[in-house]
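A.B. asks: Pasting a structure below so you can have a look.
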Amino acid sequence: MDQSHIRNFSIIAHIDHGKSTLADRILELTDAVSAREMREQVLDTMDLERERGITIKAQAVRVTWKGHELNLIDTPGHVDFTYEVSRSLQACEGALLVVDAAQGIEAQTLANAYLAIENGLEIVPVANKIDLPQADPEGTAVEVADLLGDDPSRVIRISAKTGTNVAEVLDAIVERVPAPEGDPDAASRALVFDSSYDQYRGVVAFVRVVDGSFARRESLQSMATGTRFEAEELGFFSPTMRPVDSLSAGEVGYVITGLKDVSRLRVGDTITSVARRAKQPLPGYKDVKPMVFAGLFPTDSDAYPELRDALERLKLNDAALFYEPETSQALGFGFRCGFLGLLHMEIVRERLEREFDLDLLVTAPNVAYRVQEKSSDEWREVHNPAEFPREVEEVEEPYVKASIIVPKEYVGTVMEQNNDRRGTFDHLEYLSPERVHLTYELPLAEIVLDYYDQLKSRTRGYASFDYDMIGFKPGDLVRVDVLVGGEPVDALSLIVYRDFAYERGRLLVEKLREEIPRQMFDVPIQAAIGARVIARETVKARRKDVLAKCYGGDITRKRKLLEKQKAGKRRMKQVGAVEVPQEAFLAVLNIGKGQQ
Amino acid sequence: MSVRHLYVHLPFCAHRCGYCDFVTAVGRSDRHAAYVDALLRELAQERRVLADLETVFLGGGTPTFTAVSELMRLLGELPAAQEVTVEANPETVTPALARTLRGAGVTRVSLGAQSFRPHLLGVLERGAQPDDVRRAFAHLRDAGFDNLSLDLIYGIPNQTVTDLEGDLADAIALAPEHLSCYELEAKPGTRFTHAWGEELARQAEAMEDYFERVVATLIGAGYRWYETANFCRGNKRSLHNLGYWLGHDYLGIGVGAVSTIGGERRRNTPKLSRYLAGDYAREVEALDDGTRARERLMLGLRLDDPLPLAGLEHALDPAGLARAEKLGLAEQRDAALTLTERGRFLGGAVTAELLAR
């Protein structure tokens with residue numbers, strides 16, 4: 001199709017603001033799918049997404065409206081996938097900014113709206129859910145227009161649920177969103193904005209053709225990773241797969257590559273033709289690096305091979321997931337895994353437990369550190385507190401810019417929380433007379449441990465929160481080790497800001513004293529920085545543990561009790577002579593909770 | 001077959017105590033004769049497994065609550081044995097009963113005293129008062145019994161250290177040849193746990209050293225701590241129970257009674273009506289070599305005598321044994337295993353440690 005009749009757009013919305021419902025209405029209205037055959041919310045495919053109300057893997061759907069080809073590119077809705085969102089946005093010329101008229105703008109909306117503006121997209125603002133009695137379409141329109149520097153009258157008031165004014169939205173896309181402007185005759189280039197792995201067909205890349213065109217069976221190459229493959233099939237979704245012979249400039253579709261691993265064709269990479277190779281890749285490719293790390297150990301150490309296979313299979317579909325074998329003295333064999341952020345970690349963990357039926361022990365998450373050891377001028381990255389050198393010349397930790405929107409009465413408590421967490425105030429503005437947008441720079445490490453939970457409880461659930469990585473900065477950090485019965489427990493080591501070390505160490509040993517059952521001997525629990533003990537507690541020895549009576553009538557029952565006791569020991573992790581229940585390794589997750 | 005130990009269960013009681021989880025039947029005096037008939041019928045059926053008996057033990061329930069004539073008929077029919085024990089509640093022991101038991105060949109009486117503090121006997125719902133215990137004891141002595149045992153319970157809700165020391169002193173003053181001292185077990189589902197469970201949990205820490213006090217006091221009074229919960233003077237161990245702890249086979253007859261014979265354990269129905277009808281509805285458990293070895297370990301380590309390890313090697317976890325030795329809880333000498341004093345206080349945990357995976 002002639003590029004002037006193509007419109008590529010995505011939908012930006014906070015969770016539950018109605019993105020999926022609007023997408024459904026668009027598909028219905030354009031006859032892409034009949035109401036009868038329509039499953040609720042066709043774009044979200046995975047159960048998990050449906051349950052969480054978020055979209056992990058983007059897809060693109062082609063519809064036609066009044067002689068135009070409209071490509072709706074779905075974007076992931078969460079902070080951890082900022083890079084994927086930015087690639088999806090780069091594949092578009094416009095975006096619908098959908099705001100719940102009963103809720104107003106939320107932090108995630110804001111972050112993605114800014115991202116869209118930075119990418120030069122035409123924003124079509126939409127106030128949704130006007131059918132709700134508590135909706136304030138006018139106030140929302142003013143808030144959104146202020147954000148965009150637009151006129152409130154251009155904010156389309158709709159109800160995706162009832163279908164009210166959805167046709168106007170489609171008209172606005174045709175009218176306001178610019179047509180693609182690539183060169184159809186130039187060497188071909190396509191942006192990979194997402195990919196997924198199919199068991200039978202290999203890697204399926206979702207692409208936006210920018211210049212030139214691609215034909216079926218053509219030999220192709222990715223420019224960043226250099227991977228060569230053949231276009232086994234080209235096509236688009238409408239909303240099911242429709243194969244075509246070629247995709248040309250301005251169009252959005254899929255390429256079936258036959259590749260066996262998504263990491264060989266990364267999001268953000270540029271695909272070109274081997275025969276007519278483009279000179280320059282499309283801008284913006286980044287090798288996304290995991291920033292949050294945690295150890296994953298099977299609860300039953302015999303399940304290690306299953307965990308390895310499961311991670312291998314997840315990795316096929318999730319290029320951002322990183323893992324390497326880890327051996328912990330305390331927890332045995334497992335994997336140190338890297339994630340884009342906390343939500344990504346939670347999703348991976350849930351998929352492992354749900355889809356692969358694994359019972360996992362996940363250690364407290366930590367961030368990536370850049371470390372320069374004494375007597376060395378080389379920097380290296382450390383992903384595991386147990387590998388953090390005790391003597392460091394310099395350390396850097398990742399920082400984020402946190403964006404928080406709250407009703408004005410909570411500004412004080414939010415500022416207090418950020419100050420307690422080593423935050424540096426950046427900016428404050430009123431979005432409306434009632435709502436304030438605050439930004440802070442914070443170490444990522446401060447966010448990783450229950451920051452969001454605490455923010456929610458301080459603001460009675462009213463705060464919305466988002467963050468963006470802004471790079472590494474120096475930090476005065478120390479490694480705190482925990483010794484149980486005199487033996488260091490690698491899985492409990494933590495890296496903390498020096499001023500917080502005593503408090504954290506004290507809370508951690510207190511928590512451990514509650515978690516570790518009494519043994520047949522006294523068990524000292526210590527927190528130490530190097531050789532210096534900063535906190536200590538003792539689990540007193542048990543003085544008796546016998547089965548009171550045992551005669552002919554109850555030998556079987558007593559034997560079973562002992563066998564159960566023995567089996568209970570097996571579930572414990574042995575630290576030296578001390579039996580430590582697995583839950584104790586999560587103690588570090590719970591320190592600091594219940595303080596305020 | 002050569003079973004040398006016979007257990008006879010007599011389930012009848014005047015009252016079911018709140019903490020009890022044995023097979024009991026309250027009252028039912030109209031069934032006593034039928035029950036003794038049923039016992040004798042079962043005994044006749046099983047008799048061929050018995051060799052010359054070493055011990056007979058009449059347990060309950062309250063054996064001495066059974067109608068005296070029926071009890072005598074039963075005793076008259078039982079095979080002779082070196083040790084014949086009858087369990088008795090103090091309030092049931094009259095001079096006549098004591099003489100009758102003695103005359104019927106009973107060699108040993110085990111008296112359920114439990115405590116000498118009236119308020120604690122109340123908590124336990126026991127029918128006897130402290131003086132009943134003393135009187136019963138005197139009657140038994142007068143009848144010529146030279147092997148008497150007292151049961152004591154400690155760790156009773158509201159029991160202070162002074163209460164405990166008083167109970168031990170009162171028991172020692174009677175100079176029984178044998179004492180069984182049990183920590184009160186609040187078993188899940190019993191009426192007692194329902195009423196006292198929370199209180200017991202609250203006092204657990206305060207009562208933590210009661211076991212140590214019991215052992216120290218009785219050893220101080222010249223008793224031998226020959227089994228986790230049992231003490232004796234001279235050589236007056238309970239030979240019947242020793243049979244269990246040494247892993248001997250035994251035949252149990254009566255409602256709910258358990259037998260272990262030649263690698264098979266079976267339990268009669270706990271339902272009185274079924275048992276009376278001769279329907280034993282036995283629950284059978286096959287004991288393989290590994291299970292038997294684990295039981296030998298569990299039972300043998302309750303005793304003060306060293307446990308010979310020959311044949312038990314595969315039931316032992318060598319790493320667990322090494323840990324227990326290192327912690328000073330167990331000692332291995334001449335291919336036999338002994339728990340140290342502290343090891344015996346922690347006997348259950350140590351055994352779990354020693355059991356092979």
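The values are calculated or read from the model by the stated rules, or taken from the named source; none is laboratory data. Note that the structure is a prediction, hence the values are computed from the model and not measured. Positions of Cβ are generated from backbone atoms using ideal geometry, with glycine treated the same way; all protein chains shown enter the neighbour counts.
A.B. asks: Does region A:3-32 hold any residues that are at pLDDT 85 or above, more than 31 Å from the chain's Cα centre (by Cα) and not hydroxyl-bearing (Ser, Thr, Tyr), and which are they?
C.D. replies: Within region A:3-32, A:Gln3, A:His5, A:Ile6, A:Leu29 meet the criteria.
A.B. asks: Please specify each residue of region A:440-458 satisfying the condition of being of a type outside the set (A, V, I, L, M, F, W, C), in contact with a Phe, Trp or Tyr (Cβ under 7 Å, 6 or more places away or on another chain) and either crowded, with 21+ Cβ neighbours inside 10 Å or part of a strand (DSSP E or B) (or both).
C.D. replies: A:Tyr440, A:Glu441, A:Pro443
A.B. asks: A further question follows. Among the residues of region B:75-103, which ones are of a type outside the set (Ser, Thr, Tyr), part of a loop (DSSP other than H, G, I, E, B) and either under 23 Å from B:Val133 (Cα atoms) or not assigned by TED's automatic domain parsing to the domain that holds B:Asp37 (or both)?
C.D. replies: Passing the criteria: B:Asn89, B:Val93.
A.B. asks: Could you list all residues from region B:174-208 that are within 22 Å of the chain's Cα centre (by Cα) and part of a loop (DSSP other than H, G, I, E, B)?
C.D. replies: Once the filter is applied, which keeps residues that are within 22 Å of the chain's Cα centre (by Cα) and part of a loop (DSSP other than H, G, I, E, B), region B:174-208 yields B:Leu174, B:Ala175, B:Pro176, B:Glu177, B:Leu184, B:Glu185, B:Ala186, B:Lys187, B:Pro188, B:Gly189, B:Thr190.
A.B. asks: Mind checking which residues of region B:229-246 are hydroxyl-bearing (Ser, Thr, Tyr) and at the interface with chain A (Cβ under 8 Å from one of its Cβ atoms)?
C.D. replies: Filtering region B:229-246 down to residues hydroxyl-bearing (Ser, Thr, Tyr) leaves B:238, B:244.
B:Tyr244, the sole residue that qualifies.
A.B. asks: Could you tell me which of the residues A:Lys279, A:Lys289 is at pLDDT below 95, over 14 Å from A:Phe193 (Cα atoms), under 30 Å from the mean Cα position of the chain (by Cα) and in a loop (DSSP other than H, G, I, E, B)?
C.D. replies: Being at pLDDT below 95, over 14 Å from A:Phe193 (Cα atoms), under 30 Å from the mean Cα position of the chain (by Cα) and in a loop (DSSP other than H, G, I, E, B) holds for just one of A:Lys279, A:Lys289, which is A:Lys289.
A.B. asks: Okay, moving on. Checking A:Gln221 against (1) in contact (Cβ under 8 Å) with a residue 40 or more places away in the chain; (2) crowded, with 20+ Cβ neighbours inside 10 Å, which test does it fail?
C.D. replies: (2)
A.B. asks: Evaluate region A:158-172: report whether one residue or more is more than 22 Å from A:Ala95 (Cβ to Cβ) and not basic (Lys, Arg).
C.D. replies: The answer is yes, given that some residue of region A:158-172 is more than 22 Å from A:Ala95 (Cβ to Cβ) and not basic (Lys, Arg).
A.B. asks: Which ones in region A:400-409 are touching a residue at least 40 places away in the same chain (Cβ under 8 Å) and more than 28 Å from A:Leu340 (Cβ to Cβ)?
C.D. replies: A:Pro407
A.B. asks: Turning to a different aspect of this structure: Examine region A:504-524 for a residue that is more than 26 Å from B:Leu339 (Cβ to Cβ), at pLDDT below 90 and touching a Lys or Arg at 6+ places or on another chain (Cβ under 9 Å), and state whether such a residue exists.
C.D. replies: No; the residues of region A:504-524 include none that is more than 26 Å from B:Leu339 (Cβ to Cβ), at pLDDT below 90 and touching a Lys or Arg at 6+ places or on another chain (Cβ under 9 Å).
A.B. asks: A follow-up question, please. Of all residues in region B:247-261, which are at the interface with chain A (Cβ under 8 Å from one of its Cβ atoms) and β-branched (Val, Ile, Thr)?
C.D. replies: Correct list: B:Val258, B:Thr260.
A.B. asks: How many residues, within region A:417-443, are under 21 Å from A:Arg504 (Cα atoms) and either in contact (Cβ under 8 Å) with a residue 40 or more places away in the chain or assigned by TED's automatic domain parsing to the domain that holds A:Val496 (or both)?
C.D. replies: 4
A.B. asks: Could you tell me whether A:Arg390 is outside the structural domain of A:Phe81 (by TED's automatic domain parsing), touching a Lys or Arg at 6+ places or on another chain (Cβ under 7 Å) and among the basic types (Lys, Arg)?
C.D. replies: Taking the combined requirement at face value, the residue satisfies it.
A.B. asks: How many of the residues in region B:1-16 are touching a residue at least 24 places away in the same chain (Cβ under 8 Å) and surrounded by fewer than 18 Cβ atoms within 10 Å (Cβ to Cβ)?
C.D. replies: Adding up the residues that qualify gives 4.
A.B. asks: Could I ask something else about it? Any residue that is assigned to a loop (DSSP other than H, G, I, E, B) and within 14 Å of chain A (Cβ to nearest Cβ) - is there at least one of those in region B:209-220?
C.D. replies: Yes, there is a match, as at least one residue in region B:209-220 is assigned to a loop (DSSP other than H, G, I, E, B) and within 14 Å of chain A (Cβ to nearest Cβ).
A.B. asks: Follow-up. Looking for whichever is in contact (Cβ under 8 Å) with a residue 60 or more places away in the chain, closer than 28 Å to B:Val106 by Cα and of a type outside the set (Asp, Glu) here; the options are B:Arg233, B:Arg191, B:Arg302, B:Arg266. Which one fits?
C.D. replies: B:Arg302
A.B. asks: Being more than 7 Å from chain B (Cβ to nearest Cβ) and not in a helix (DSSP H, G or I) is the filter; apply it to region A:541-579 and report the residue that is nearest to B:Gly243 (Cα to Cα).
C.D. replies: A:Ala541
A.B. asks: For residues that are surrounded by fewer than 21 Cβ atoms within 10 Å (Cβ to Cβ) and β-branched (Val, Ile, Thr), tally how many sit in region B:37-71.
C.D. replies: Residues meeting the conditions: 2.
A.B. asks: Right, something else. If you take the residues in region A:197-218 that are touching a Gly at 6+ places or on another chain (Cβ under 7 Å) and buried (at least 24 other Cβ atoms within 10 Å of the Cβ), which one is nearest to A:Ala320 (Cα to Cα)?
C.D. replies: A:Val207
A.B. asks: If I ask for residues that are touching a Leu at 6+ places or on another chain (Cβ under 9 Å) and over 22 Å from A:Ile555 (Cβ atoms), which ones from region B:328-357 would you list?
C.D. replies: Of everything in region B:328-357, those that are touching a Leu at 6+ places or on another chain (Cβ under 9 Å) and over 22 Å from A:Ile555 (Cβ atoms) turn out to be B:Leu329, B:Glu331, B:Gln332, B:Ala335, B:Thr340, B:Arg342.
A.B. asks: Just checking, does region B:122-131 include any residue being within 14 Å of chain A (Cβ to nearest Cβ) and among the polar types (S, T, N, Q)?
C.D. replies: Within region B:122-131 (the criterion being within 14 Å of chain A (Cβ to nearest Cβ) and among the polar types (S, T, N, Q)), the answer is no, since none of the residues qualifies.
A.B. asks: Does B:Gly256 count as touching a strand residue (DSSP E or B) at 6+ places or on another chain (Cβ under 8 Å) and on the phi > 0 side of the Ramachandran plot?
C.D. replies: yes
A.B. asks: Filter region A:518-540 for residues that are surrounded by fewer than 15 Cβ atoms within 10 Å (Cβ to Cβ) and away from chain B (no Cβ under 14 Å); which is farthest from the chain's Cα centre (by Cα)?
C.D. replies: A:Thr538
A.B. asks: If you don't mind, another one. Restrict the check to region B:167-190 and report whether at least one residue is within 14 Å of another protein chain (Cβ to nearest Cβ), over 20 Å from A:Val546 (Cα atoms), of a type outside the set (Lys, Arg) and surrounded by fewer than 17 Cβ atoms within 10 Å (Cβ to Cβ).
C.D. replies: Yes, region B:167-190 contains at least one residue that is within 14 Å of another protein chain (Cβ to nearest Cβ), over 20 Å from A:Val546 (Cα atoms), of a type outside the set (Lys, Arg) and surrounded by fewer than 17 Cβ atoms within 10 Å (Cβ to Cβ).
A.B. asks: Hey, which of the helices (runs of 4 or more DSSP H) in region B:262-357, taking only ones fully inside, have at least 2 residues that are surrounded by fewer than 20 Cβ atoms within 10 Å (Cβ to Cβ) and more than 10 Å from every other protein chain (Cβ to nearest Cβ)?
C.D. replies: Result: B:272-276, B:289-300, B:318-326.
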